[in-house]
1. Mind checking whether some residue in the stretch 19-39 is surrounded by 10 or more Cβ atoms within 10 Å (Cβ to Cβ), in contact with a helix residue (DSSP H, G or I) (Cβ under 7 Å, 6 or more places away or on another chain) and at pLDDT below 95?
2. What number of residues within the stretch 59-78 are touching a helix residue (DSSP H, G or I) at 6+ places or on another chain (Cβ under 7 Å) and open to solvent by 30 Å² or more (accessible area, probe 1.4 Å)?
3. Looking at the stretch 49-63 only, could you name the residues that are over 20 Å from Glu75 (Cβ atoms) and among the aliphatic types (A, V, I, L, M)?
4. Kindly check whether there is at least one residue in the stretch 51-67 that is among the acidic types (Asp, Glu) and not in a helix (DSSP H, G or I).
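The values are calculated or read from the model by the stated rules, or taken from the named source; none is laboratory data. This is a predicted model, so every value here is computed, not measured. Neighbour counts are summed over all protein chains in view; Cβ atoms, including those assigned to glycine, are modelled from backbone coordinates with ideal geometry. The accessibility values were calculated without ligands, DNA or RNA, using every heavy atom of the protein model including side chains. Shrake-Rupley method; radii C 1.70, N 1.55, O 1.52, S 1.80 Å.
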Amino acid sequence: MAKFLLVIAVFIVVYLFLRSYRRRVEAAPPPAAAKHGEDMVRCRICGVHLPKSESVTSRGEIYCSKEHLQLADRERGR
């Protein structure tokens, strides 16, 4: 009977260990996101550098905001 209880105890410990390991692995951020940065671009009007995802693009030109895009459109209209 003691051997039977010992086997059950070992299975429970292994189960709890594997469950906690799986939770840690699932909660960890993907390693690819931490290694790679984002491309930086430069605003045509003010020259500030910003991430490409935050920039505004029009006619192949890059701007830091909609205001600078509108300013460039006004300059083209002259």
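1. Looking through the stretch 19-39, at least one residue is surrounded by 10 or more Cβ atoms within 10 Å (Cβ to Cβ), in contact with a helix residue (DSSP H, G or I) (Cβ under 7 Å, 6 or more places away or on another chain) and at pLDDT below 95.
2. The number of residues fulfilling the criteria is 1.
3. Leu50
4. Yes, some residue in the stretch 51-67 is among the acidic types (Asp, Glu) and not in a helix (DSSP H, G or I).
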